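> Structure incoming, see below.
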Amino acid sequence: QVQLVETGGGLVQPGGSLRLSCAASGSIFSIIAMGWYRQAPGKQRELVAIFSDNGSTNYADSVKGRFTISGDNAKNTVDLQMNSLKPEDTAVYYCNGETSGVSSGRNYYWGQGTQVTVSS
């Protein structure tokens with residue numbers, strides 16, 4: 001089992017920056033990818049960025065060039081640096097962890113979410 005805890009959300013003005021952090025605990029040896037998703041009121045949860053255990057990254061088109069995801073395998077964390085924030089970035093941001101094992105197969109775990117509000 002994996003537990004995820006997000007920190008770093010808050011209120012920021014348009015054009016500002018925030019850095020989110022997600023810490024994983026539990027069976028972290030089985031994690032093959034971690035990522036960030038977000039969900040705005042009345043909208044579906046969407047992928048923001050993912051970081052795989054091989055170091056590869058992927059981003060949603062809406063955040064490319066503005067957000068950067070990074071991971072620290074030794075510390076079992078994944079961060080999301082968000083720059084040039086826009087009001088449309090306002091959402092609850094969730095950390096996601098994907099695990100894989102020969103017995104359990106693939107499983108997905110979620111943090112509790114952290115609110116990001118971009119407003120003047």
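The values are calculated or read from the model by the stated rules, or taken from the named source; none is laboratory data. This structure is a prediction, so every number in the text was calculated from the model and none was measured. Counting neighbours? That spans all protein chains shown, and the Cβs are built from the backbone with ideal geometry, glycine included. With ligands, DNA and RNA removed, areas are computed over all heavy atoms of the protein, side chains included. Shrake-Rupley method; radii C 1.70, N 1.55, O 1.52, S 1.80 Å.
> Please verify whether S56 is modelled with pLDDT under 95, over 20 Å from Q3 (Cβ atoms) and among the small types (G, A, S), treating the condition exactly as stated.
Details: modelled with pLDDT under 95: yes; over 20 Å from Q3 (Cβ atoms): yes; among the small types (G, A, S): yes.
Yes: the conditions hold for S56.
> Moving on. Would you mind stating whether G71 is within 15 Å of the chain's Cα centre (by Cα) and either over 20 Å from Q39 (Cα atoms) or of a type in the set (K, R) (or both)?
yes
> Output the number of residues of segment 10-59 satisfying the condition of being farther than 23 Å from L85 by Cα and aromatic (F, W, Y).
Summing the residues that are farther than 23 Å from L85 by Cα and aromatic (F, W, Y) in segment 10-59 gives 1.
> Let me ask another. Anything in segment 1-23 that is modelled with pLDDT under 95 and either touching a His at 6+ places or on another chain (Cβ under 9 Å) or in a strand (DSSP E or B) (or both)? List them, or say none. I'd like the intermediate steps shown before the answer.
Kept after step one, since they are modelled with pLDDT under 95, are these residues of segment 1-23: 1-2.
Residue satisfying the conditions is V2 alone.
> Filter segment 31-70 for residues that are in a strand (DSSP E or B) and among the basic types (K, R) and give the result.
Narrowing segment 31-70 to residues in a strand (DSSP E or B): 31-39, 46-52, 57-59, 67-70.
Scanning segment 31-70 gives a single hit, R38.
> Further, regarding this structure: Considering only segment 108-120, state which residues are open to solvent by 10 Å² or more (accessible area, probe 1.4 Å) and either more than 19 Å from A24 (Cβ to Cβ) or of a type in the set (D, E, K, R) (or both).
Scanning segment 108-120 gives Q115, T117, S119, S120.
> Restricting the search to segment 20-62, which residues are in contact with an Asp or Glu (Cβ under 6 Å, 6 or more places away or on another chain) and either open to solvent by 30 Å² or more (accessible area, probe 1.4 Å) or free of Cβ contacts under 8 Å to residues at least 24 places away in the same chain (or both)?
Within segment 20-62, S21, I32 qualify.
> Pull up segment 71-107, narrow it to residues that are at pLDDT below 95, of a type in the set (S, T, Y) and in a strand (DSSP E or B), then point me to the one that is surrounded by the fewest Cβ atoms within 10 Å (Cβ to Cβ).
By that ranking, first place goes to S100.
> Starting from residues that are open to solvent by less than 30 Å² (accessible area, probe 1.4 Å) and not hydrophobic (A, V, I, L, M, F, W, C), keep the ones in segment 5-19 and report whichever is nearest to G111 (Cα to Cα).
E6
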